[in-house]
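Chemist: Before I ask anything, let me first share the structure, which is written out below as structure tokens.
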Amino acid sequence: MKKFFIGNLVKFTRLIVDTNQGKFASVPDSVIALSVFMAINAIIQAIADIIIEGLSLFGLIVSMPLRLEFLFLAIISSILGIFTLQGLMRKEIDVTRNSLRLSLMVEIFLVIGDVYFLLFDESINATIFWIRFPFMVFTTINIGIVVYIIWRMHIFRRRRYLLRF
């Protein structure tokens, strides 16, 4: 399943980005493909979170408490995704230690925020659970992607850290 998923992502990425050109030549195609997936995933989730919060505030869906701090984390995650896509358009990929740490922390806190919300808020019902569940799944996938990139690029096992590839 993993090879099928990553393999198809790599094929798709090769269609939109020349992964053998310039600084991309030294970065594995799987890292580039997963970076694209994670960036798009984060942007879509932030937009969906804002829409869901708006619909909830206007009473068009089940009422949920406004979690402004959670929205800010989602926006930070989407901004990181936008920066990733902008870097890819410039034929650069930022796999520095600090950017990966920040991405990992934001994604972990997003999952923790959702789990805490679902476990400890009294107004939670099955509808709210199923609204939030896909976000938890895709954010967990993003955590896995960041960990994979850290492992694949040997980011924390080197004494000298490369700034850009």
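Chemist: Restricting the search to region 26-50, which residues are of a type in the set (Val, Ile, Thr) and either buried (at least 18 other Cβ atoms within 10 Å of the Cβ) or touching a residue at least 12 places away in the same chain (Cβ under 8 Å) (or both)?
Modeler: VAL27, VAL31, ILE32, VAL36, ILE40, ILE43, ILE47, ILE50
Chemist: If the Cβ limit is 6 Å and pairs must be 6+ apart or interchain, which residue in region 146-157 that is closer than 14 Å to PHE37 by Cβ pairs with which residue that is modelled with pLDDT of 85 or more and outside any loop (DSSP other than H, G, I, E, B)?
Modeler: Cβ pairs passing all conditions: VAL146/SER103; VAL146/LEU104.
Chemist: Having 2 or more residues that are at pLDDT 85 or above and aliphatic (A, V, I, L, M) is the bar; report the helices (runs of 4 or more DSSP H) wholly within region 1-115 that clear it.
Modeler: Those helices (runs of 4 or more DSSP H) span 29-57, 68-89.
Chemist: Considering each of LEU110, LEU85 in turn, give the residue that is surrounded by fewer than 18 Cβ atoms within 10 Å (Cβ to Cβ) and either under 28 Å from ILE32 (Cα atoms) or touching a helix residue (DSSP H, G or I) at 6+ places or on another chain (Cβ under 8 Å) (or both).
Modeler: Answer to the check: LEU85.
Chemist: Among the residues of region 119-154, write down those that are at pLDDT 90 or above, in contact with a Phe, Trp or Tyr (Cβ under 9 Å, 6 or more places away or on another chain) and surrounded by fewer than 18 Cβ atoms within 10 Å (Cβ to Cβ).
Modeler: ILE141 - this is the single residue of region 119-154 that is at pLDDT 90 or above, in contact with a Phe, Trp or Tyr (Cβ under 9 Å, 6 or more places away or on another chain) and surrounded by fewer than 18 Cβ atoms within 10 Å (Cβ to Cβ).
The values are calculated or read from the model by the stated rules, or taken from the named source; none is laboratory data. Keep in mind that this is a model prediction, so the values were computed, not measured. Note that each Cβ is placed from the backbone with ideal geometry, even for glycine, and that neighbours are counted across all protein chains shown.
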